[in-house]
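Student: Structure below; questions to follow.
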Amino acid sequence: MGLTIQPTAPLPERHGIAIAVCVKNEGAYIGEWVRFHKAVGIRHFIVYDNGSTDETCAILRQSLTQDALTIVPWAGRMVYGEESRFLDYQVVAFAHAILNFGNAVRIRGGPPC
């Protein structure tokens, strides 16, 4: 079974590049990661938080303005079919990002977590 994404049409005022990433307990590294990606031109960070229990989200909020950051709680799993096969939660998160934010910015996927 393949997954096909049919995003909505880009908005006329769409500009900039966003990055979508899944994180969990990345507090030790997330500040440096944000600084690097801001320096190379990323304008918006869409962060799918997989149940972090450290300071990851707090550091993100300190490092980015409210307009430059979207944090989406993403700590569940999805199953499908009679065999209850798991869907890759990162694939689902990135599809969610494209479908919900892709018409406003161009989205690039981040590293796996």
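Student: Quick one: which strands (runs of 3 or more DSSP E) lie wholly within the range 67-113 and hold at least 2 residues that are of a type in the set (A, V, I, L, M) and modelled with pLDDT of 80 or more?
Tutor: The qualifying strands (runs of 3 or more DSSP E) are 69-73.
Student: Considering only the range 68-103, state which residues are in contact with a strand residue (DSSP E or B) (Cβ under 8 Å, 6 or more places away or on another chain) and among the charged types (D, E, K, R).
Tutor: 77, 85
Student: Being surrounded by 13 or more Cβ atoms within 10 Å (Cβ to Cβ) and part of a loop (DSSP other than H, G, I, E, B) is the filter here; which residues of the range 50-64 pass it?
Tutor: Matches in the range 50-64: 50, 52, 54, 55, 64.
Student: Filtering the range 65-88 down to residues that are in contact with a His (Cβ under 9 Å, 6 or more places away or on another chain) and without any contact (Cβ under 8 Å) to a residue 40 or more places away in the chain, which residue is surrounded by the fewest Cβ atoms within 10 Å (Cβ to Cβ)?
Tutor: 67
Student: Just one of (1) under 15 Å from residue 98 (Cβ atoms); (2) surrounded by 14 or more Cβ atoms within 10 Å (Cβ to Cβ); (3) touching a residue at least 60 places away in the same chain (Cβ under 8 Å) trips up residue 11, so point out which.
Tutor: (2)
Student: Out of 36, 45, which single residue is among the aromatic types (Phe, Trp, Tyr) and not in a helix (DSSP H, G or I)?
Tutor: On inspection, the qualifying residue turns out to be 45.
Student: From 60, 64, which residue is modelled with pLDDT of 95 or more, among the aliphatic types (A, V, I, L, M) and either within 13 Å of the chain's Cα centre (by Cα) or on the phi > 0 side of the Ramachandran plot (or both)?
Tutor: 60
The values are calculated or read from the model by the stated rules, or taken from the named source; none is laboratory data. Since we're looking at a predicted model, the values are computed, not measured. Neighbour counts run over all protein chains shown; Cβ positions are idealised from the backbone, glycine included.
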